[in-house]
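The values are calculated or read from the model by the stated rules, or taken from the named source; none is laboratory data. Everything numeric here is computed off the predicted structure, so don't read it as measured data. Glycine also receives a Cβ, built like all others from the backbone with ideal geometry; neighbour counts cover every protein chain displayed. Protein only, heavy atoms only, side chains kept; ligands, DNA and RNA dropped before computing areas. Shrake-Rupley method; radii C 1.70, N 1.55, O 1.52, S 1.80 Å.
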Amino acid sequence: MESQSITFILKKLVGMTLMPVPLSLLLILLGLWWFSRAPVKSRLAFFSAFLLLAVSAFNPVADRLIAPHESYYPVFDIEQPVDAVVVLGSASQSAPPDSPAFMSLGSSAMYRLSEGLRILRANPDAILIVTGYAGFSAAQPHAEILQQAAIDRGVDPLRIFAFPTARDTENEASLTEPLLRDKRFALVTEAAHLKRATVFFEREGLNPLPAPAMFVGAHHSDWRLDSSGLYKTERAFYETMGRAWQWLKSFL
């Protein structure tokens, strides 16, 4: 269990480091380190940092990077009957005291839960499964916040099953497998994340019906450099690394 925790933390640290902003900062630090020792290397590091940050924030580039990850599945057809709706965990955010649970959800979590509830309303006999641990600093598990937000939206508490110890997608699939065995279920997460998530659930012998909840790429990009472009590039980087790690683990 201890080795699994260390592996999980290392995976998160590596994933966080290999993002455009941390990589740019690392290049800037190298540029400062080489400033008087190796001027040519220093200029190259500064230029690389500038180029990486600019390209990452440029929407036309960002949209092309994220597009392959979001193109696997169409919007879920609610004419498909399901026995369960699985909303995978995302992230919580701080909110004022006594705020409704929905205000404590990050933007991705809001999209995921909204799509999950849309499917749930079309299947009045289906159950809702929510997942997500508390993270390293949150006081309340993400799954419990999702659960309360769903209850606030009128879902019967008896229809909701929360998995507050699930730390990542692979863990979510293994923990929910006993409840989902032999069930038709919609698997709800961000469009960019859905292919990788589906593979984990299929490896547990399950047959998820993919339900993308959030498309961040644009079909017609504007030409701005902004934080939305940077976010799309980061999502593309993250999913590329996640798919690579998933593929590698299949051989271990």
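Structure notes:
- Around Arg196: net Lys/Arg minus Asp/Glu count, Cβ-Cβ under 13 Å: -2
- Net charge of Cβ neighbours under 14 Å - reference Phe35; Lys, Arg +1; Asp, Glu -1: +3
- Ligands, DNA and RNA left out, the 1.4 Å accessible surface of the chain is 63% carbon and sulfur atoms.
- Per-residue ³J(HN,Hα) for the range 91-98, Karplus 6.51 cos²θ - 1.76 cosθ + 1.60, θ = phi - 60°, Hz, x for Gly and Pro: 8, 9, 9, 5, 9, x, x, 6
- Kirkwood-Stokes translational diffusion coefficient of the chain, alpha-carbon pairs, 37 °C, 0.692 mPa s, µm²/s: 167 µm²/s
- Taking a straight line from the alpha carbon of Lys195, these aspartates and glutamates sit under 14 Å away, with near neighbours fewer than eight places off in the same chain left out: Glu70, Glu170, Glu239.
- Between 0 and 90°, nearest 10: helix 169-180 axis offset from the chain longest Cα axis: 10 degrees
- Net length available on complete extension from Leu32 to Ser107 is 23.4 nm, with 0.36 nm assigned per residue and the Cα-Cα distance removed.
- Helix axis angle, 107-121 relative to the chain longest principal axis, alpha carbon, degrees: 20 degrees
- DSSP beta bridges fully contained in the chain are about 10 percent antiparallel.
- Accessible area in square angstrom per residue, the chain, 1.4 angstrom probe: 55 Å²
- On Cα atoms only, tilt of 227-249 relative to the major axis of the chain in degrees: 70 degrees
- For the range 71-214, the alpha-carbon coordinates run over 40, 30, 29 Å along the three principal axes, in decreasing order.
- Summing charges over all other residues whose Cβ lies under 11 Å from the Cβ of Pro60, with Lys and Arg as +1 and Asp and Glu as -1, gives +1.
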